[in-house]
1. Conditions first: (1) among the β-branched types (Val, Ile, Thr); (2) part of a helix (DSSP H, G or I); (3) within 17 Å of the chain's Cα centre (by Cα). Residue 20 passes all but one, so which condition is the exception?
2. Given (1) surrounded by 10 or more Cβ atoms within 10 Å (Cβ to Cβ); (2) outside any helix (DSSP H, G or I); (3) not polar (S, T, N, Q), where does residue 107 come up short, assuming only one miss?
3. Among the residues of segment 93-104, which ones are among the polar types (S, T, N, Q) and not in a helix (DSSP H, G or I)?
4. Every residue in segment 110-133 that is part of a loop (DSSP other than H, G, I, E, B) and surrounded by 13 or more Cβ atoms within 10 Å (Cβ to Cβ), please.
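The values are calculated or read from the model by the stated rules, or taken from the named source; none is laboratory data. Small disclaimer: the values here were computed from a predicted structure and weren't measured. All Cβ positions, even for glycine, are placed from backbone atoms using ideal geometry, and neighbour counts span all protein chains on display.
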Amino acid sequence: MNTEFSTKSTFKELALEMYVLSKAIAELGSDKSALQKRYDLLRHKIVPDKLDEEEMQNITIKGIGRLGATPQLRVSVLAGNREKLQSWMCENGFEDLVQGTINSSTLKAWVKEQMEAGNEIPDDLIKIDPFMLATLTKT
């Protein structure tokens, strides 16, 4: 295994490393944290950056699969604003999302839906961190 990867690496090298790491992580079970960190670096940083630098959306690597990146969001309630957000949601017609608290997956889906529709999001109450995540799909 190559220990150094960057956007200078070929797509084939990156895709092969993602493939090998995903298989090794699956086999290791609980002893996977070092490999998982390396795999996450490829998925969260190096591959999306290289695709962006090369102005590509995806590439098919023979014998490995299609390597691409999909937009993702990290969404969280800003510190000390949980009750304010619950009030805002109720005041703006989203009370069905408030169940004593707001589930993080539900909040993320709601934010994505609102962004796609061009609707207002209380960004003084919610932290939204968009990022690209590399995906490797068998072809």
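1. Single failed check for residue 20: (3).
2. (2)
3. Looking only at segment 93-104, we keep the residues that are among the polar types (S, T, N, Q), and these are 99, 101, 103-104.
99, 101, 103 - these are the residues of segment 93-104 that are among the polar types (S, T, N, Q) and not in a helix (DSSP H, G or I).
4. To start, the set of residues in segment 110-133 that are part of a loop (DSSP other than H, G, I, E, B) comprises 118-125.
Within segment 110-133, 121, 122, 125 meet the criteria.
This table checks each residue for (1) more than 29 Å from residue 112 (Cα to Cα); (2) surrounded by 15 or more Cβ atoms within 10 Å (Cβ to Cβ); (3) not assigned by TED's automatic domain parsing to the domain that holds residue 121.
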position: 6; (1), (2), (3): yes, no, yes
position: 16; (1), (2), (3): yes, yes, yes
position: 21; (1), (2), (3): yes, yes, yes
position: 24; (1), (2), (3): yes, yes, yes
position: 28; (1), (2), (3): yes, no, yes
position: 34; (1), (2), (3): yes, no, yes
position: 37; (1), (2), (3): no, no, yes
position: 45; (1), (2), (3): no, yes, yes
position: 75; (1), (2), (3): no, yes, no
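Yes/no matrix, rows are residues, columns are (1) farther than 30 Å from residue 15 by Cβ; (2) out of contact with any helix residue (DSSP H, G or I) (no Cβ under 6 Å at 6 or more places or on another chain); (3) surrounded by 13 or more Cβ atoms within 10 Å (Cβ to Cβ):
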{"site": "60", "(1), (2), (3)": "no, yes, yes"}
{"site": "65", "(1), (2), (3)": "no, yes, yes"}
{"site": "70", "(1), (2), (3)": "no, yes, no"}
{"site": "78", "(1), (2), (3)": "yes, yes, yes"}
{"site": "81", "(1), (2), (3)": "yes, yes, yes"}
{"site": "86", "(1), (2), (3)": "yes, yes, yes"}
{"site": "89", "(1), (2), (3)": "yes, no, yes"}
{"site": "100", "(1), (2), (3)": "yes, yes, no"}
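Okay, residues lined up against (1) of a type in the set (A, V, I, L, M); (2) under 23 Å from residue 4 (Cα atoms); (3) free of Cβ contacts under 8 Å to residues at least 24 places away in the same chain:
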{"residue": "49", "(1), (2), (3)": "no, yes, no"}
{"residue": "62", "(1), (2), (3)": "no, yes, yes"}
{"residue": "68", "(1), (2), (3)": "no, yes, no"}
{"residue": "79", "(1), (2), (3)": "yes, no, yes"}
{"residue": "90", "(1), (2), (3)": "no, no, yes"}
{"residue": "97", "(1), (2), (3)": "yes, no, yes"}
{"residue": "114", "(1), (2), (3)": "no, no, yes"}
{"residue": "132", "(1), (2), (3)": "yes, yes, no"}
{"residue": "135", "(1), (2), (3)": "no, yes, no"}
